[in-house]
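Have a look at the structure below before the remarks.
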Amino acid sequence: IFHEAKANDKLAPMPPELVPYREQILSLIEGVYSDVQLPSVDDDRKPKVNPLNANFDKKEFQALWQRINQRAVYKVNFDSRELVENCIRVLDKELRVTPLQYTIQDGVQVTQVSADQLQSGKSFAVRDTETLTYAASVASTVRYDLVGKLAESCVLTRKTIAEILKAIDPSVFDQFSQNPEHFLAEASRLIKEQKASAIIERLSYDPTNETYDVDIFTAEQKITDMSKAVEGMSKHIYDYVMVDSQGVERDFVTELDTSKEVVVYAKLPRGFLIPTPVGDYNPDWAISFKEGSVKHVYFVAETKGTMSTLELRGIEERKIECARKFFDRINMDAKQENIRYDVVNSYSKLMEVVS
């Protein structure tokens, strides 16, 4: 404000006794309030740039990228009768719907209520709480196109969905009236998992002549959430490594970067996708090891907190199964060293696999 007022000759007049010393006083003030003395303040809310570094151009990474830079299409031929029978069996066994419940709370308003208490919902003191189950049929008051909703969600014909619903146990189907929304969600999930299993068993990949452009690496150079960024890594192709979790991936990156066996690695950009019948799949890591240090020099990894397939979500596990078939197929045409793909939950597990 001082500098602006001085430049526009809008400074307040000085007392008469200080006028003879005006220039000296202004010089002193300018020295105290100089912008040069102030530290620069950055706006942390602005996205930060995450540039590619020299590791991207290393021959080891370029050799790795050349091996995995391959687009493909999948084809599948499965028996719809077998799918219907599997869905009936699984729905009868696993479809369990939670009845609608509601909670009644009895309370009194506190003697003195502040605005903060009203906003936070703390102006009433709860004395009794009772949870009841809604026993009446919800479906009797709300119209649902059950067959249509399931056909749309599962991408199957109405005829196939109708065959499944007509054949499941009546007691299982009766759960629809208790909680239609939960019935739809659970039935959709179970049917889609069975469909995915039937498809994947008969799925194959055919590589095309298309590859990915280098632009997929430069499209993600803005960081909006620095809490997911790991900095100071020396072997990653970007200055910052973006991790999905604070535990497994952050620990994995730290050990990966300090490994003597690892030459260069990359968190694969979201644009690198493998098509699957249950949605596109983006692997986590591409790693190039030092030749002679391990059995599998070129590795594509998926990091998970658990190695148990029972603890992985159904669709996620099926995407991993598709990725195995994809890499097996591109290895068939490889004239150089093959790519190894696997799921690991730690750096030690990775070294166990590559060795």
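For a label point 7 angstrom out from the Cα of Ala167 toward its Cβ, which stretches of the stretch 87-107 have the backbone nitrogen within less than 15 Å?
Label zone hits: 87-93.
Would you kindly give the portion of the calculated P(r) for the chain that falls above 37 Å, as a percent of all Cα pairs? Could the numbers behind the result be given before it?
Details: 32021 of 62835 pairs.
Cα-Cα pairs of the chain separated by over 37 Å account for 51 percent.
With +1 on each Lys and Arg Cβ and -1 on each Asp and Glu Cβ, how big is the dipole of the stretch 226-301 about its Cα centre, in debye rounded to the nearest 20?
Details: 8 positive and 11 negative charges, 28 e Å.
So the dipole magnitude of the stretch 226-301 works out to roughly 140 debye.
Which percent of the accessible heavy-atom area of the chain goes to carbon and sulfur, probe 1.4 angstrom? Don't skip to the answer; put the middle values down first.
Values: 10670 of 21470 Å².
Summing carbon and sulfur atoms, their accessible area is 50 percent of the total for the chain.
Note down the magnitude of the dipole of the chain about its Cα centre, charges +1 on Lys and Arg C-beta and -1 on Asp and Glu C-beta and zero elsewhere, to the nearest 20 debye.
On the way: 45 positive and 56 negative charges, 203 e Å.
The dipole of the chain has a size of about 980 debye.
Using only Cα atoms, tell me the angle between helix 314-332 and the longest principal axis of the chain; keep it within 0 to 90° and round to the nearest 10.
Approximately 90 degrees, to the nearest ten.
Taking all pairs of distinct Cα atoms, average 1/r, flip it, and tell me the Kirkwood hydrodynamic radius of the stretch 78-119 in Å to one decimal place.
Values: mean 1/r = 0.0633 Å⁻¹.
Final number for the Kirkwood radius of the stretch 78-119 is 15.8 Å.
So for each of 109-115, 287-293 I average, over its residues, the number of other beta carbons within 10 Å; can you give me the resulting order with the highest mean first?
Values: 109-115: 9.4, 287-293: 17.0.
In descending order of packing, they fall as 287-293, 109-115.
Based on the mean of other beta carbon atoms within 10 Å per residue, what is the order of 261-273, 325-337, most packed first?
Working: 261-273: 19.5, 325-337: 14.3.
Ranking the peptides 261-273, 325-337 by packing returns 261-273, 325-337.
At a Förster distance of 35 Å, what's the computed FRET efficiency of Phe124 paired with Glu181, Cβ-Cβ distance as r, to 0.05? List each step's numbers first, then the result.
On the way: r = 30 Å, r/R0 = 0.85.
Efficiency for this residue pair is about 0.75.
Ranked from the most accessible area to the least, with a 1.4 Å probe and all protein chains present, what is the order of Val19, Val230?
Val19, Val230
The values are calculated or read from the model by the stated rules, or taken from the named source; none is laboratory data. As the structure is a prediction and not an experimental result, all values here were calculated from the model. Positions of Cβ are generated from backbone atoms using ideal geometry, with glycine treated the same way; all protein chains shown enter the neighbour counts. With ligands, DNA and RNA removed, areas are computed over all heavy atoms of the protein, side chains included. Shrake-Rupley method; radii C 1.70, N 1.55, O 1.52, S 1.80 Å.
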